[in-house]
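Derivation of every value follows stated rules applied to the coordinates shown; laboratory data play no part. Please read these numbers as outputs of a predicted model, since none were measured by experiment. Virtual Cβ from ideal backbone geometry, glycine too; neighbours counted across all protein chains shown.
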Amino acid sequence: MKARSYEVDELLSWARCSGDTLIVHLRLPGAELAAGAVGVELVSTSGRIRSTAVVTVEDGVAEVLLDIPRRELGPSTWRLSIQAGRDAGSVPVEVRLLAAPGSPVALLPGPAPSTRMRPPTRRPPRPLTLRLADELPTPLRRALGRARTKARTVVGHLRR
């Protein structure tokens, strides 16, 4: 029977950086993989990366070791799949990889959670006058703020 997806051993699977290389180690209990080289595909909203990994099998547990240049990965969340054999199609691995530049690397087991919240609404852009005021030197900005406060006070007295 062919697996629909491979589940990872959460405790013994990991990802880490070594210089400019991202190293991913997956422990896949019950995976029907032969020892040797296999094709691995990483897919995200920003693209697709194909690479080769090395599989070792011991006591019915397949261990997959993959090296990827970190510069090829962007801020996206990557899903992994393994080419089980020459004639077989790829089998997804129940794991997500996060490797955004400047952030720690994370290997998250399981499928992506579904969210119940709507995406946040975009705030309207700040008025041009405020954006231009932000570019002024600090003493001038403070003077402008004091003048605005006094003008509001005068307008408030006129309305009474």
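Remarks
- The chain: radius of gyration and largest Cα-Cα distance (Dmax), Å: 26.5, 86
- Residue-averaged [θ]222 nm for the chain, counting only DSSP H segments that reach four residues, each worth -39500 (n - 2.57): -6000 deg cm²/dmol
- Positive-end extreme of charge dipole, the chain - chosen from 23, 125, 52 (charges on Cβ): 125
- Compared with the direct C-alpha span, the chain from residue 9 to residue 114 gains 35.6 nm at full extension, assuming 0.36 nm per residue.
- Using C-alpha pairs below 8 Å separated by at least 6 residues, the relative contact order for the chain is 19 percent.
- About the centre of its Cα atoms, the chain shows a dipole size close to 2480 debye [charges on the beta carbon of Lys, Arg (+1) and Asp, Glu (-1) only; nearest 20 debye].
- For the range 14-109, the Kirkwood hydrodynamic radius from C-alpha pairs, put into Stokes-Einstein at 20 °C and a viscosity of 1.002 mPa s, yields a diffusion coefficient of 158 µm² per second.
- Annotation for residue 98 and residue 123: the two label points, set 7 Å from Cα along the Cα-Cβ direction, are 2.3 nm apart.
- For the range 121-128, Karplus couplings with θ = phi - 60° (6.51, -1.76, 1.60), whole Hz, Gly/Pro x: 7, 6, 6, x, x, 5, x, 4
- Relative contact order (percent, whole number), the range 14-109, Cα cutoff 8 Å, 6+ residue spacing: 27
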